[in-house]
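The values are calculated or read from the model by the stated rules, or taken from the named source; none is laboratory data. Note that the structure is a prediction, hence the values are computed from the model and not measured. Note: ideal-geometry Cβ built from the backbone for every residue, glycine included; neighbour counts use all protein chains shown. Protein only, heavy atoms only, side chains kept; ligands, DNA and RNA dropped before computing areas. Shrake-Rupley method; radii C 1.70, N 1.55, O 1.52, S 1.80 Å.
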Amino acid sequence: MNQIARKRLETTLERIRTACQAAGREPQTVRLLAVSKRKPVEAIRELHGLGQRAFGENYVDEAVAKIEALGDLDLQWHYIGPIQSNKTKLIAAHFDWVESLDRSKIVRRLNEQRPQALAPLNVLIQVNIDEEPQKAGCAPDEIEALAGQIADSDRLILRGLMAIPAPREDHEEQRAVFARLRELFEKLQADHPEVDTLSAGMSADLEAAIAEGATLVRIGTALFGLRD
Ligand SMILES: *Cc1c(COP(=O)(O)O)cnc(C)c1O
């Protein structure tokens, strides 16, 4: 077994535990999503061997090839990249979760295309929390309408929100953005009590995200090293 992979996983799980402790939260309330984009299937096999089950991918064709190559393993796959409408059929057929749902047309297509043989698709609404032009994600005031549409879609299950804030170095500034996200999440939960997942925090800001209620952190670099 690769000692570097083991060490990186242990360090990441330790960061999550420490952040939970600081926030007065139980460590099992935060799940780790290993973001394996542009990393080879061997690296995923290795982390699976160390107990990791949930993996995130951003590029549909690359992801489908890996999912098929790793079909012998018990893995949970999350799609976290931008969604082009000509890729929804592949996404609906191969993933367990979609975290980057941000517009009505994609809700409709995924609902129509989710194969009947599979369980309903778990979905998160991606919100463009810093309202950056060109960035994926709906505006905060669009969440409610999308959530209603998803709740009316029988092949989709609304699980919560995902966001990728603009990079900030300062912990308190990172926290302030995640605090705004948490407010949106709590408002969504009030209307949709089934909602249980707040996907926030990456390698550089997982502590701030956990301090503000993240239940799923998406970690690439800290687990796999820098991407090419
Ligand atoms: C690449 C990516 C990550 C992981 O980022 P790191 O900084 O490498 O941890 C998380 N979420 C999304 C949506 C990504 O595209």
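Residues checked against (1) open to solvent by 40 Å² or more (accessible area, probe 1.4 Å); (2) in a helix (DSSP H, G or I); (3) under 24 Å from Leu206 (Cα atoms); (4) at pLDDT 95 or above:
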{"position": "Met1", "(1), (2), (3), (4)": "yes, no, no, no"}
{"position": "Arg6", "(1), (2), (3), (4)": "yes, yes, yes, yes"}
{"position": "Thr12", "(1), (2), (3), (4)": "no, yes, yes, yes"}
{"position": "Ala22", "(1), (2), (3), (4)": "yes, yes, yes, yes"}
{"position": "Arg25", "(1), (2), (3), (4)": "yes, no, yes, yes"}
{"position": "Leu32", "(1), (2), (3), (4)": "no, no, yes, yes"}
{"position": "Glu46", "(1), (2), (3), (4)": "yes, yes, yes, yes"}
Candidate set from segment 111-137 (those that are polar (S, T, N, Q) and part of a loop (DSSP other than H, G, I, E, B)); member that is modelled with the lowest pLDDT
Gln134
Does Glu68 satisfy the criteria of being open to solvent by 60 Å² or more (accessible area, probe 1.4 Å), within 17 Å of Leu158 (Cα to Cα), more than 16 Å from the ligand (Cβ to nearest atom) and modelled with pLDDT of 95 or more?
no
Give the number of residues within segment 25-53 that are in contact (Cβ under 8 Å) with a residue 60 or more places away in the chain and farther than 14 Å from Arg8 by Cβ.
7
Please enumerate the residues belonging to segment 126-151 that are within 16 Å of the ligand (Cβ to nearest atom), open to solvent by less than 40 Å² (accessible area, probe 1.4 Å) and either out of contact with any Asp or Glu (no Cβ under 7 Å at 6 or more places or on another chain) or among the charged types (D, E, K, R) (or both).
Val127, Asn128, Ile129, Asp130
Selection from segment 193-204 of residues open to solvent by less than 30 Å² (accessible area, probe 1.4 Å), near the ligand (Cβ under 9 Å from one of its atoms) and touching a residue at least 24 places away in the same chain (Cβ under 8 Å) yields Ser199
Mind checking which pairs have a first residue in segment 205-219 that is closer than 12 Å to Ala23 by Cβ and a second that is open to solvent by 10 Å² or more (accessible area, probe 1.4 Å) and aromatic (Phe, Trp, Tyr), Cβ under 9 Å, 6 or more apart or different chains?
Gly213/Phe185
